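What follows is a set of notes on a single structure, which appears directly below.
The values are calculated or read from the model by the stated rules, or taken from the named source; none is laboratory data. Just so you know, these numbers come straight off a predicted model, no measurement behind them. As a convention, Cβ positions derive from the backbone with ideal geometry for all residues, glycine included, and neighbour counts pool all protein chains shown.
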Amino acid sequence: MDRQFWTYLGWRVLQSLVIIAIVIVGSFLLLHLVPGDMVDVLGGQRGDMDAELMATLRERYGLDQPVLVQLLNYVGSVLQGDLGYSYRNATDVLSLVLQRLPATILLVVCSVITAVFFGTMAGVIAARHAHRPIDVIISMIVLVFYATPIFLTGLGLVIVFSVKLKLLPIGGLITPGVDFSFLELVGDVALHLILPVFSLSLFYIAIYARLARASMLQVLDQDYIRTAYAKGLSTYNVIIGHALRNALLPVVTMVGLQIAELFGGAVLTETIFSLPGVGRLAYDAVFERDYPLILGVLLVCAFIIIVVNLIIDIIYTLLDPRVEISR
Amino acid sequence: MRPINLIAGIGAMLCAAAAPIFHAQAEEPVKGGTVTFLMSPAPQILTSAITTAGAEQVVSSKISDSLFTYDFDLNPKPLLAKSYEVSEDGKRVTFHLREGVKWHDGEEFTSEDVAFTTMEVWKVLHGRGRTIFGNVEKVETPDKYTAVFVLSRPSPGMLKSLAAQQAQILPAHLYKGTDILTNPANLKPVGTGPFRVVSFTPGDNLVLERNPDYWDEGKPYIDKLVFRFIPDAATRSAALEAGEAQIAPQNLVPMVDLERLQATGEFEVTTKGYEFQNEMEMIEFNLDDPVMKDIRVRQAIAHAIDKDWIVDNIFFGYGISAKTPLHPQLTELYDASDVPQYDYDPEKAKALLEEAGYKPDANGTRLKLVVDPLPYGEHQNHVAAYMREAFREVGIDLEVRAQDFAGFVKRVYTDRDFQFTVNLLTGGSDPTIGTQRTFWTPSFKPGVGFSNGSHYSNPKMDEILESAAAEMDAAKRKALYHDFQKLAMEDLPVLPLTAVESTTIANKRLKNHTIDANGTYSNFANVYLEPAQ
């Protein structure tokens with residue numbers, strides 16, 4: 001890697017720091033605009049509380065301070081690597097988020113891979129047979145995937161594969177209460193992931209299929225493809241080696257843009273399949289007004305999304321040598 | 001000291017305790033097996049002594065025993081306390097503790113644990129505990145197996161509230177001198193109960209195993225108890241149907257699915273085991289609102305609602321049309337005789353509105369109102385939607401306003417910016433625990449959720465409630481609460497709609513899951529699972 005690359009990286013890191021600062025301040029202020037705080041929720045949880053206990057708790061949680069002081073305190077502790085403490089979960093925020101992160105990352109990464117693989121494959125096949133029956137069938141199926149909401153797909157898959165056929169578990173990440181060896185554990189997790197990954201990725205399969213088909217069609221029309229055929233290369237070599245490489249560029253761009261969206265879609269999938277992921281952690285935290293926890297999740301997710309986009313940019317240069325990195 | 005029917009009392013308790021066990025033995029409990037229990041929301045910690053959240057209560061009652069559990073009529077049954085006696089003036093309550101009970105870490109359970117938890121945990125950190133144990137001045141520990149509660153006033157309600165879900169006892173040797181809210185044992189609890197913690201995966205599952213050193217020898221029967229936290233209602237039904245779980249309490253399976261699951265012949269549904277809870281669907285009128293202040297408007301609203309329709313169509317029959325603010329399950333105190341009733345009568349509602357000065361305009365609308373249903377489950381929303389349609393007939397144009405839980409609590413109890421709510425209020429095992437705070441003047445505390453939200457204040461009502469709270473004579477107490485029920489329905493600061501019946505659905509192979517008033521909040525020592533055919 002040359003010097004230009006490192007300058008670029010430095011700039012990107014600087015940009016990312018600004019973005020993260022905006023995420024912290026913005027979400028902090030936004031959260032405090034929402035009516036009701038954690039003590040309201042605690043007090044409301046089907047019990048009665050007296051004003052004295054509520055005041056004690058507000059003091060404990062630092063909620064009696066002015067918003068600006070709370071913000072400064074928070075930023076101060078984040079700078080020291082401390083994301084705060086979630087009283088509702090009796091655990092510090094960082095370990096809570098890290099505890100839940102593997103499930104979400106597994107889900108999102110497997111879904112991206114599944115979506116890109118099957119989506120691109122469907123797109124390439126459709127493009128290869130453009131305007132013929134096979135293309136029409138693929139396009140139709142893909143349209144159905146695109147139009148079906150995640151929760152419907154998820155529940156449908158559960159009813160067929162778990163309740164009726166009893167082939168796959170209905171939810172969770174690991175069968176609880178069983179002692180597994182490492183290999184058995186991997187197998188068990190894989191079984192648990194099949195349904196959630198498919199229900200989350202079907203929608204994205206549709207998007208990538210449309211995208212790959214369109215850009216393949218464009219690429220297949222170019223002169224160098226004709227040249228490649230003229231050289232006597234096999235169809236397989238032309239499609240995979242020459243056309244696909246170029247046709248993949250828009251797909252890769254899309255992956256970068258959609259990582260954030262996938263994290264959002266993960267909340268729904270995590271709920272239906274009761275996966276212990278970050279999405280549900282954040283969702284519950286919002287309803288409980290657990291500010292440090294919500295901020296912690298946002299911060300970690302923002303960080304991941306920024307890093308992923310950086311990686312995507314680097315992959316881009318590998319796929320297309322014409323793209324140069326510069327600020 | 002005057003032992004209250006001590007011998008007879010204990011005898012009755014033992015019989016009551018023995019009855020279900022005897023029944024179980026008749027069928028020969030099967031040992032072993034794993035039971036999977038569905039829950040939602042997921043518990044965040046595993047200690048209910050410092051929280052009133054339901055999920056924490058369900059799990060920690062399996063890990064830690066309490067002084068008592070209660071039969072279906074809310075009479076105490078011995079657990080860690082073998083017996084108790086109350087002094088003549090009602091101000092000293094002596095508990096005789098079971099000997100030889102060990103905490104899961106091997107330490108002995110003593111009166112020191114009871115004294116510590118009462119004074120430093122329940123009285124300080126537990127939402128309801130502060131009310132229930134408010135009159136406890138100190139706990140004396142004359143010996144290892146005796147704990148004496150010294151009270152400033154007699155507190156008959158306290159003796160109804162010593163079950164594990166709201167009075168969990170903590171090990172003093174692990175908590176004393178520490179910051180209780182952040183003590184690591186809140187997540188790795190050490191209890192006295194029939195089950196020990198194996199692993200806890202927050203948001204996913206909790207695995208408990210049989211405690212081989214449990215004081216009640218031979219119990220529990222099952223080897224493993226697995227809690228799975230499944231947030232989606234349809235997925236929960238699917239888990240039962242797929243055989244991945246055996247029990248789902250607390251209405252966790254939607255009422256529409258109950259019938260379908262029962263039709264398979266594999267499941268049974270019970271509404272027993274919620275006698276300690278007594279949930280009431282109620283309207284709280286904001287008496288500070290100029291429109292709601294007029295009792296004729298409140299009476300008109302009462303006459304415009306068909307409570308039976310609500311029971312049949314919104315609660316699918318799992319409820320009772322409410323006649324008083326008390327739940328009929330509170331058999332000792334419930335009495336609807338001579339209590340004013342407001343039958344469904346739209347004509348009468350119109351006449352009352354007319355009398356209050358609300359004439360119909362060109363569209364037939366007499367007045368516009370806004371309702372805030374409690375965003376907890378779907379029922380309150382459905383009731384509000386029903387009212388919007390039903391009120392049109394009497395000329396009330398009703399707007400239904402939506403917000404999330406914290407927003408609702410702030411609007412109603414802090415900002416007091418509302419006209420009336422549809423709320424779900426927990427009555428508790430005694431009116432002093434729940435119901436009282438809705439009607440008592442000192443409970444009007446802006447900023448405190450689920451306090452006296454109506455801002456109802458009647459000196460006569462305060463006197464009745466205060467006398468009843470300290471009355472040790474059962475007959476006199478019943479008479480006082482009868483006066484309460486009459487006065488509450490006369491003044492109508494709150495309109496009770498439905499005495500809610502919660503449901504537990506369980507696989508028929510699962511036995512003894514509901515054997516007392518605490519239902520699935522009990523310790524599950526008697527539960528067993530018949531092997532599949």
Exercise. From (1) surrounded by fewer than 19 Cβ atoms within 10 Å (Cβ to Cβ); (2) hydrophobic (A, V, I, L, M, F, W, C); (3) facing chain A (nearest Cβ under 10 Å); (4) touching a Gly at 6+ places or on another chain (Cβ under 9 Å), pick out the condition that doesn't hold for B:ILE230.
Key: (1)
Self-check item: Segments classed as strands (runs of 3 or more DSSP E), wholly inside region B:396-503, with at least 3 members that are over 30 Å from A:TYR283 (Cα atoms) and either more than 20 Å from the chain's Cα centre (by Cα) or within 13 Å of chain A (Cβ to nearest Cβ) (or both)
Solution: B:396-400
Exercise. Could you check, for region A:210-221, whether at least one of its residues is among the hydrophobic types (A, V, I, L, M, F, W, C), buried (at least 19 other Cβ atoms within 10 Å of the Cβ), in a helix (DSSP H, G or I) and within 12 Å of chain B (Cβ to nearest Cβ)?
Key: no
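Of the residues in region B:19-54, how many are at pLDDT below 75 and among the polar types (S, T, N, Q)?
Number satisfying all stated conditions: 1.
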Self-check item: Residue among B:ILE169, B:ILE132 that is crowded, with 24+ Cβ neighbours inside 10 Å, of a type in the set (A, V, I, L, M, F, W, C) and within 14 Å of chain A (Cβ to nearest Cβ)
Solution: B:ILE132
Quiz item: Identify, please: which residue in region B:55-101 is closer than 24 Å to B:ASP223 by Cα and acidic (Asp, Glu) and is, among those, modelled with the highest pLDDT?
Solution: B:ASP65
Quiz prompt | Count - residues of region A:266-299 that are more than 9 Å from chain B (Cβ to nearest Cβ), touching a residue at least 60 places away in the same chain (Cβ under 8 Å) and over 12 Å from the mean Cα position of the chain (by Cα) | solution = 11
Quiz prompt | Residue in region A:73-96 that is part of a helix (DSSP H, G or I), of a type in the set (D, E, K, R) and away from every other protein chain (no Cβ under 14 Å) present | solution = no
Quiz item: So which helices (runs of 4 or more DSSP H) stay within region B:34-153 end to end and still have 1 or more residues that are within 18 Å of B:GLN277 (Cα to Cα)?
Solution: B:54-63, B:129-132
Practice problem: Would you mind stating whether B:LYS478 is more than 22 Å from B:GLY129 (Cα to Cα), surrounded by fewer than 19 Cβ atoms within 10 Å (Cβ to Cβ) and of a type in the set (Lys, Arg)? | Solution: yes
Quiz prompt | From A:ASP179, A:ASP135, residue being surrounded by 13 or more Cβ atoms within 10 Å (Cβ to Cβ) and among the charged types (D, E, K, R) | solution = A:ASP135
Quiz item: Has region A:245-262 got any residue that is at pLDDT below 85, in contact with a helix residue (DSSP H, G or I) (Cβ under 8 Å, 6 or more places away or on another chain) and surrounded by fewer than 14 Cβ atoms within 10 Å (Cβ to Cβ)?
Solution: yes
Practice problem: Could you please find all residues in region B:375-395 being of a type outside the set (A, V, I, L, M, F, W, C) and more than 14 Å from every other protein chain (Cβ to nearest Cβ)? | Solution: B:GLU378, B:HIS379, B:ASN381, B:HIS382, B:TYR386, B:ARG388, B:GLU389, B:ARG392, B:GLU393, B:GLY395
Exercise. Mind counting the residues in region B:93-133 that are among the acidic types (Asp, Glu) and farther than 24 Å from B:LYS188 by Cβ?
Key: 1
Exercise. Considering each of A:LEU173, A:LEU195, A:LEU233, A:LEU167 in turn, give the residue that is in contact with a Leu (Cβ under 6 Å, 6 or more places away or on another chain), assigned by TED's automatic domain parsing to the domain that holds A:ILE304 and not in a helix (DSSP H, G or I).
Key: A:LEU173
Exercise. Considering each residue of region A:15-60, count those that are at pLDDT 75 or above and outside any helix (DSSP H, G or I), and give that number.
Key: 4
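Does A:TYR8 qualify as being facing chain B (nearest Cβ under 8 Å) and either under 27 Å from the mean Cα position of the chain (by Cα) or surrounded by fewer than 20 Cβ atoms within 10 Å (Cβ to Cβ) (or both)?
no
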Quiz prompt | Flag if B:LYS460 is farther than 17 Å from B:MET282 by Cβ and in contact with a Leu (Cβ under 8 Å, 6 or more places away or on another chain) | solution = yes
Quiz item: Taking B:ASP306 and the conditions (1) among the charged types (D, E, K, R); (2) over 20 Å from B:GLU389 (Cα atoms); (3) at pLDDT 95 or above, which numbered condition does it fall short on, given that it satisfies the others?
Solution: (2)
Self-check item: Residues (polar (S, T, N, Q) and under 22 Å from the mean Cα position of the chain (by Cα)) located in region A:160-202
Solution: A:SER199, A:SER201
